[in-house]
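Here is the structure we will look at, set down as structure tokens.
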Ligand SMILES: C[S@@+](CC[C@H](N)C(=O)[O-])C[C@H]1O[C@@H](n2cnc3c(N)ncnc32)[C@H](O)[C@@H]1O
């Protein structure tokens, strides 16, 4: 299924900052789209860290491949739910493909201890009991998590796996 466009600049800056904080890190992006977020992450990658990004739309994958040429990004074409769990655990995951609430359990299972999960594309506001994404990521006892505002009209969740 194809959904969503490129991440916004503020989120790309956030991702690049977190990537830079992960020497020796194994970093994954779930949902490459056109490679804009991936480019920000790949170009901030510490020398001894690795970065893999996965997209299931072949046309988007080709656009991203051109953008990421010459970076150290490893690109995978297909469904991350099938292809990525065996490549983990990861120290940083940008969860940006499909239904985040439905996929939260699988994404959390792919996090290393101390690993960080980022979910963007939220609308700012107090956590809502009926919001499935916030329920899944802000209230999971395995995670220390918070919501941050990325612009006046957008927000993201940053979650760290405790154990
Ligand atoms: C919001 S966009 C990604 C934006 C990108 N991360 C960025 O920062 O520019 C979501 C992408 O995930 C892809 N996608 C959706 N479900 C997927 C799945 N199960 N496996 C791999 N890619 C998927 C869509 O085709 C879409 O291109």
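Before moving on, here are some points about what is shown:
- Pairs of alpha carbons in the stretch 75-163 whose separation is greater than 21 Å (percent): 27 percent
- Antiparallel content of DSSP bridges confined to the chain, in %, to 5: 40 percent
- Theoretical ellipticity at 222 nm over the chain - DSSP helices of four or more residues, -39500 (n - 2.57) apiece, nearest 500: -8500 deg cm²/dmol
- The chain - Rg and Dmax from Cα coordinates, angstrom: 14.5, 44
- Sequence-separation-based contact order of the stretch 9-161, relative, with Cα cut under 8 Å and 6+ spacing, percent: 20 percent
Read-outs: derived from the displayed coordinates by stated rules, not from any lab. Given the structure is predicted, the values throughout are model-derived calculations rather than measurements.
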